[in-house]
1. What are the residues in region 8-26 that are under 10 Å from Asn50 (Cα atoms) and surrounded by 11 or more Cβ atoms within 10 Å (Cβ to Cβ), if any?
2. Could you go through region 31-42 and let me know if any residue there is assigned to a helix (DSSP H, G or I), under 23 Å from Met1 (Cβ atoms) and basic (Lys, Arg).
3. Are there any pairs, at least 6 apart or on different chains, whose C-beta atoms fall under 8 Å, with the first in region 53-80 and under 18 Å from Asp23 (Cβ atoms) and the second among the aliphatic types (A, V, I, L, M) and part of a loop (DSSP other than H, G, I, E, B), and if so, which?
4. Provide a single number: the residues in region 45-80 that are in a loop (DSSP other than H, G, I, E, B) and in contact with a Lys or Arg (Cβ under 7 Å, 6 or more places away or on another chain).
5. Does region 63-104 hold any residues that are under 13 Å from the mean Cα position of the chain (by Cα) and either small (Gly, Ala, Ser) or at pLDDT below 95 (or both), and which are they?
6. Restricting to region 81-104, name every residue that is among the hydroxyl-bearing types (Ser, Thr, Tyr) and either over 22 Å from Thr49 (Cα atoms) or not in a loop (DSSP other than H, G, I, E, B) (or both).
7. Quick check on Gly13: is it free of Cβ contacts under 8 Å to residues at least 12 places away in the same chain and on the phi > 0 side of the Ramachandran plot?
Amino acid sequence: MQRIAFKMKLMAGCQAEYKRRHDEIWPELAELLKANGVCDYSIFLDEDTNTLFAVQGQEGGQSSQDLGSNPIVQRWWAYMADIMETNADNSPVAVPLMEVFYLP
């Protein structure tokens with residue numbers, strides 16, 4: 001299994017809403033992610049900077065960020081666009097992070 005990490009930026013004051021939306025993640029989105037090999041997916045928040053840190057396993061070579069052409073993902077991006085920094089297509093601005101240490 002490959003692991004990837006990336007960071008995103010949350011708008012100030014949107015922490016509770018971001019958590020609420022993810023607590024109620026759409027079942028079809030969760031199923032899509034799992035069907036494409038995304039597993040062990042966590043998102044953490046640095047409350048001082050509103051930086052989101054995501055890490056996920058990949059068992060098929062695709063990350064959640066590779067599924068942008070799927071209509072479910074496009075709807076999710078549009079749903080989240082009002083509380084995150086996004087690109088013109090509503091995808092979150094996601095910056096890949098280099099792994100520098102791992103203790104299995």
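The values are calculated or read from the model by the stated rules, or taken from the named source; none is laboratory data. Nothing here was measured: the structure is a model prediction, and the numbers come from that model. Quick reminder, even Gly has a Cβ in these numbers, built from the backbone with ideal geometry, and neighbours come from all protein chains shown.
1. Met8, Lys9, Leu10, Met11, Cys14, Gln15 - these are the residues of region 8-26 that are under 10 Å from Asn50 (Cα atoms) and surrounded by 11 or more Cβ atoms within 10 Å (Cβ to Cβ).
2. yes
3. Ala54/Ala94
4. 1
5. The answer is Ser63, Ser64, Gln65, Asp66, Leu67, Gly68, Ala81, Ser91, Ala94.
6. Matches in region 81-104: Thr86, Tyr102.
7. The answer is yes for Gly13.
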